[in-house]
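K.L.:
Okay, here's the structure, questions in a sec.
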Amino acid sequence: MLYFDEVGKPRMKFDCVLIHEGKSYSALCLDLDVASQDASPAKAKRALKEAVELYLDGAIESGRSYLRPTPKAEDPRTRRPETIVETFTLGVDLRIRVHA
């Protein structure tokens, strides 16, 4: 979802989950179907932020639709809710670049 923060900067918000799988953690952006994995929750969430930024940059720059929700059959909220450690919102700042 696109919104503007208190100083008028464009931002996007996405729904995410943190999943515990064996000895590692996976962070999944449900709105974009982008994921990351690491040994700690904090590192998995940081890696997800970077992955989402790279995904959005590529999708927007190439003119592709960026919204690509996780398929219902693969959504951990219904498939394996017991593995979910946390739900969180990921905020991403938008940088607007103009090319001539």
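The values are calculated or read from the model by the stated rules, or taken from the named source; none is laboratory data. As the structure is a computational prediction, the values presented were derived from the model and not from experiment. Please note: Cβ atoms are built from the backbone with ideal geometry, for glycine as well, and neighbour counts cover all protein chains shown.
K.L.:
In the chain, which strands (runs of 3 or more DSSP E) lie fully inside it and hold 3 or more residues that are touching a His at 6+ places or on another chain (Cβ under 7 Å) and at pLDDT below 85?
P.N.:
In the chain, no matching strands (runs of 3 or more DSSP E) lie anywhere.
K.L.:
Is segment 54-70 home to any residue that is among the β-branched types (Val, Ile, Thr), out of contact with any Ser or Thr (no Cβ under 9 Å at 6 or more places or on another chain) and within 14 Å of Asp15 (Cβ to Cβ)? I'd like the intermediate steps shown before the answer.
P.N.:
Filtering segment 54-70 down to residues among the β-branched types (Val, Ile, Thr) leaves 60, 70.
Now narrow it down to the ones that are out of contact with any Ser or Thr (no Cβ under 9 Å at 6 or more places or on another chain): 60, 70.
If we keep only those that are within 14 Å of Asp15 (Cβ to Cβ) as well, we get 70.
Checking segment 54-70: at least one residue is among the β-branched types (Val, Ile, Thr), out of contact with any Ser or Thr (no Cβ under 9 Å at 6 or more places or on another chain) and within 14 Å of Asp15 (Cβ to Cβ).
K.L.:
Among the candidates Ala27, Ala59, which residue alone is within 21 Å of Asp93 (Cβ to Cβ), surrounded by 15 or more Cβ atoms within 10 Å (Cβ to Cβ) and more than 11 Å from the chain's Cα centre (by Cα)? Outline the logic, then answer.
P.N.:
Details: Ala27 fails: more than 11 Å from the chain's Cα centre (by Cα).
The conditions single out Ala59.
K.L.:
For segment 62-81, give me each residue that is surrounded by 10 or more Cβ atoms within 10 Å (Cβ to Cβ) and β-branched (Val, Ile, Thr).
P.N.:
Thr70
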